[in-house]
């Protein structure tokens, strides 16, 4: 049964989790790939022991403790232990370089860091002198390297305490107040330097109380924790699952997700848009291998399109054609998610109306939400109770909003952060005199109160003719093609809009083989006239639905796949536009070399 008492702090959530005897509160994979359970009693005892060690090491209320790890049970234990003593954790993406991590650890003034692997320790230890670090705790069970402390040794004997409770520790947990700092989350910096977002216990608890009240999650539910926990969206989902008594299964590597979904068969799935786009592209890729499968998928999607509004509203069509398509096609799409998901949510970036429509046509309602790290994170969300495709739902009851003259969305409420760490100038810029937070997003409400996000204010392209172009919706249209991995619009201060396209090379190479195209390298492949013609046709299809000033007049294919590892994407799979602009400066200049004489808008 889902508890209904409101949370005041994240520690209230920890108390709720550990008050119920749940033998399988958490699942994790051992070295043989087998899923192992951790009980709520074990969570309590491990958190208690680690908190005691932190105190012995001199950590105190208000201190910051760095946490650099993939998704694993030790992440949650470290999180809860840090919060239990009134300290704040500083989650850092494990994909960052040592130098990048050192900057954040030093800025936050961390004296303790908890890392997952030897690789993470080596990165941090190499730059240790640039920080104030006194101790580094390593999660992996192998013998710790010199200068590290083993997680297993610290927790030795904790489980033997069984179900006993320590009143002194419990009192310490309850002493934390809503206004106390809970976490310092550094934004990934798509356009500038990272800033530490200060979220209090009250900020996060407030969001938890309202974000999922229209969803009936309980102890029968399960989710896979795979999105980076350094991102507030993933962390908030885990908190929701813990609070409802649902099962959380930790998947530390993204390439293990398909297998994890088959084995765990989650009932709740929250992903960033790129996850949904990749699943769609994989379905279409497999169908493209067989003329029969390709025709069957096309037929099923056409049938589904006639019923997608009902599907999106949570209904189940009754037509014989839809039921047949469900058995032949829709069921296989659902199996890609494990086959048991009843709630699909997308967040972290705009989903795109085409992707939402495709999944609804395949029998799946993907409910899109919207929020920011600075808002803990949810501002609005579609749900089984209230939804409108293409919108990001209605705002939560504890969120106030208004719009600036230029259409920028401003919000206010108990979930809005208290400011950026040691950034008074940034704080003065992002809050107005009445305490409204400037989201940086251009948005509008429809007549029924559904919120629509147009684009990031700083990412809008302004042509030399004065027309404003929102790049994300157009980029999302391009990415609906199986052949497109990523796309970035350029053209700010120019006469017309152009596009850089990073192909989905697995699909492109397969298409090239079927069409008898041989190329010795990716660079040769994207220069082939038949390949360029294929992408040209795709661009024409996208342009057909755009205003003239928005249309893509020129495009270039690049020989690189844009990834988080190569630096073009943030951990939440958003484009790092500044990086792309700098990396492809020569190519962009070529697009506009004859701009003076070229036809404009």
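What the table shows:
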{"read-out": "Sites residue 529 and residue 554 - FRET efficiency at Förster radius 22 Å, r taken between beta-carbons, to 0.05", "value": "0.85"}
{"read-out": "Theoretical gain in end-to-end length, residue 462 to residue 342 [0.36 nm per residue, Cα-Cα removed]", "value": "39.0 nm"}
{"read-out": "Kirkwood hydrodynamic radius over Cα pairs of region 290-336, then Stokes diffusion coefficient at 37 °C and 0.692 mPa s, in µm²/s", "value": "300"}
{"read-out": "Gap separating the Cα centres of region 220-260 and region 191-212, nearest whole Å", "value": "18"}
{"read-out": "Order of 197, 579 under a 10 Å beta carbon neighbour criterion, fewest first", "value": "579, 197"}
{"read-out": "Residue 406/residue 514 FRET efficiency (R0 51 Å; Cβ-Cβ; nearest 0.05)", "value": "0.60"}
{"read-out": "Prolate/oblate/rounded label for region 216-269 (Cα gyration tensor, a/c 1.5)", "value": "oblate"}
{"read-out": "Pairwise FRET efficiency - residue 452 versus residue 544, Cβ, R0 = 25 Å, nearest 0.05", "value": "0.70"}
{"read-out": "Overall Cα dimensions of region 52-123, principal axis frame, Å, largest first", "value": "29, 27, 16"}
{"read-out": "Net length gained if the chain between residue 174 and residue 15 were fully extended (0.36 nm per residue, minus Cα distance)", "value": "56.4 nm"}
{"read-out": "Structure-based [θ]222 nm, the chain - -39500 (n - 2.57) summed over DSSP H runs of at least 4, per residue, nearest 500", "value": "-10500 deg cm²/dmol"}
{"read-out": "Volume of the Cα convex hull of the chain, divided per residue and given in Å³", "value": "169"}
{"read-out": "Computed label-point distance, nm, for sites residue 578 and residue 36 using a 7 Å Cα→Cβ extension", "value": "4.3"}
{"read-out": "Residues of region 103-128 with amide N under 19 Å of the 7 Å Cα→Cβ point at residue 146", "value": "118-128"}
{"read-out": "For region 460-591: rounded, prolate or oblate by the Cα gyration tensor [a/c cutoff 1.5]", "value": "prolate"}
{"read-out": "Simple spin-label estimate for residue 327 and residue 598 in nanometres, 7 Å along Cα-Cβ", "value": "5.4"}
{"read-out": "Kirkwood-based Rg to Rh ratio, region 282-382, C-alpha trace", "value": "1.03"}
{"read-out": "Inter-label distance, nm, simple model (7 Å from Cα along the C-beta direction), residue 278/residue 313", "value": "3.5"}
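Readers should treat all values here as calculations from the given coordinates under stated rules, not as data from a laboratory. Not measured: the values here are computed from a predicted model. Reconstructed Cβ throughout: ideal geometry from the backbone, glycine too, with neighbour counts over all protein chains shown.
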